[in-house]
Amino acid sequence: MRVAVLAAPGRFEIETRPIPRPGAGEALIKISRVGICGTDLHMFNGHYAADNLPLVPGHEFTGTIAALGEGPERLRVGQKVVVDMNIGCGNCYWCRRQEILSCPSMHQIGITMDGAFSEYICVPERLVIAAPDDVPDAVLALVEPLACVVRAARKSQVTFGQSVVVIGAGPMGNLHVQLMRTIGAAPIIVTDLSQMRVDMACAVGADIGVADPEALHRTVMDVTDGRGADIIIESVGDPALYGLATTLMRKGGHIAAFGLTGAGETLAVDILSTILEENSIKGSVAGIGQDMHDALTLLVHGRIDPSLFSSAVFDLDDIQAAFDTHGKRPGDLKSQIII
Ligand SMILES: NC(=O)c1ccc[n+]([C@@H]2O[C@H](COP(=O)([O-])OP(=O)(O)OC[C@H]3O[C@@H](n4cnc5c(N)ncnc54)[C@H](O)[C@@H]3O)[C@@H](O)[C@H]2O)c1
Ligand SMILES: [Zn+2]
Ligand SMILES: [Zn+2]
């Protein structure tokens, strides 16, 4: 099978390897499509998990079951699937509480172990989620990123009629906007430095788009009768924008900490206001378990417009070009690799 190994930051190598055989409790998946995630780009640029290289990245994938090892007969060969990328140890304090993302021995497919930029992958059967046969691969490859957004929304306890500011209209910000629209949040204000990305977010559900940072605070206050918004989602990863978020939320508001900053970055919060106003900030990282199932359900039933996410499609052999040209194609919200 062909495999795209990230040999070192900035350099993919296409290798030929034997197709793995599924052991007991494992499923062999023939991969058909993989999304390129910001995390993959961070690895490519040498900013994240560089110690794990050489490694096959890729965790936003779909494919079909090629073979099953011994174990439960829940799945069938030929079935379309997506896969939860997070593998907990199953026994520790956090795994027992279903807080697998804090498991000290957690593995993540495509980050700490070889992933999906490959013709086949062997994964634990229990992490495989069956998908309907008639949903396009381009849509199923969106389940994992949408699951991250589902998790953040769940933690924010957002409900219909609540005002939301989404900071950053990249692929994740666009999904935040779409999920908020489907939940019934209103109004939804989106901001990005790119007018094109603001326009894309408005086309799929934002009520108000702001591309001028100077105008953001005034706009939010204007549409919330001077209170500030109920929920602010930071989907960029800039400490200054987390600071900005604290000025945009209402008393008793919530900040969804989503955009990944550098390690050690801090946010100064006014302790007394936090107490008196009962403000909250909550992190969420990745999408796992039920988040994956909910994301699949939303996509299967057309609650998310997938059309903006597969404008740039590359063959596995051209993966180097896909990564090299990322960011130079501003109209492309996301790239996908066809295998
Ligand atoms: N917590 C999680 O579960 C999770 C999952 C996936 C990604 N992420 C993180 O979420 C963030 C967003 O992901 P993405 O793939 O959309 O990233 P991206 O880099 O593709 O998009 C970020 C967007 O922010 C915009 N931006 C930059 N500076 C800005 C500013 N000052 N004001 C407004 N907009 C600004 C950019 O123009 C861009 O459109 C990243 O930090 C990523 O690492 C978090
Ligand atoms: Zn991802
Ligand atoms: Zn564990």
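Return a yes/no flag: does the stretch 29-40 have any residue that is within 16 Å of ligand 2 (Cβ to nearest atom) and of a type in the set (Ser, Thr, Tyr). Scanning the stretch 29-40, I find at least one residue that is within 16 Å of ligand 2 (Cβ to nearest atom) and of a type in the set (Ser, Thr, Tyr), so the answer is yes.
Go through the stretch 117-157 and count every residue that is within 16 Å of ligand 1 (Cβ to nearest atom) and either at pLDDT below 95 or in contact with a His (Cβ under 8 Å, 6 or more places away or on another chain) (or both). Talk me through it step by step, then tell me what you get.
So the first thing to find is which residues in the stretch 117-157 are within 16 Å of ligand 1 (Cβ to nearest atom), and the list is 141-156.
From the residues that got through so far, the ones that are either at pLDDT below 95 or in contact with a His (Cβ under 8 Å, 6 or more places away or on another chain) (or both) too are 144, 149, 152-153, 156.
Adding up the residues that qualify gives 5.
For the stretch 38-60, a residue qualifies if it is at pLDDT 95 or above, within 15 Å of ligand 1 (Cβ to nearest atom) and part of a loop (DSSP other than H, G, I, E, B), and the qualifying residues are PRO57, GLY58, HIS59.
Consider the stretch 167-208 and keep the residues that are touching a helix residue (DSSP H, G or I) at 6+ places or on another chain (Cβ under 6 Å) and not aliphatic (A, V, I, L, M). The one that is surrounded by the most Cβ atoms within 10 Å (Cβ to Cβ) is HIS176. Residues of the stretch 265-291 that are over 17 Å from PRO171 (Cα atoms) and either surrounded by 20 or more Cβ atoms within 10 Å (Cβ to Cβ) or under 24 Å from the mean Cα position of the chain (by Cα) (or both): GLU265, THR266, LEU267, SER280, ILE281, LYS282, GLY283, ILE288, GLY289, GLN290, ASP291.
Of the residues PRO104, PRO72, which single one is in a loop (DSSP other than H, G, I, E, B), touching a Lys or Arg at 6+ places or on another chain (Cβ under 9 Å), assigned by TED's automatic domain parsing to the domain that holds ALA321 and away from ligand 1 (no atom under 16 Å from the Cβ)? Lay out the reasoning, then the answer.
On the way: PRO104 fails: touching a Lys or Arg at 6+ places or on another chain (Cβ under 9 Å).
Result: PRO72 is the single residue among PRO104, PRO72 that is in a loop (DSSP other than H, G, I, E, B), touching a Lys or Arg at 6+ places or on another chain (Cβ under 9 Å), assigned by TED's automatic domain parsing to the domain that holds ALA321 and away from ligand 1 (no atom under 16 Å from the Cβ).
Taking residues in the stretch 46-65 that are touching a residue at least 60 places away in the same chain (Cβ under 8 Å) and closer than 13 Å to ARG33 by Cβ, and partners anywhere that are part of a helix (DSSP H, G or I) and not hydrophobic (A, V, I, L, M, F, W, C), the pairs with Cβ atoms closer than 7 Å and at least 6 places apart or on different chains are GLY58/ASP40; HIS59/GLU144; GLU60/GLU144; GLU60/PRO145; THR62/ASP137. Checked against (1) within 21 Å of PRO136 (Cα to Cα); (2) in a helix (DSSP H, G or I), THR274 passes all but a single condition, namely (1).
The values are calculated or read from the model by the stated rules, or taken from the named source; none is laboratory data. Being a predicted model, the structure only gives us computed values, none of them experimental. Counting neighbours? That spans all protein chains shown, and the Cβs are built from the backbone with ideal geometry, glycine included.
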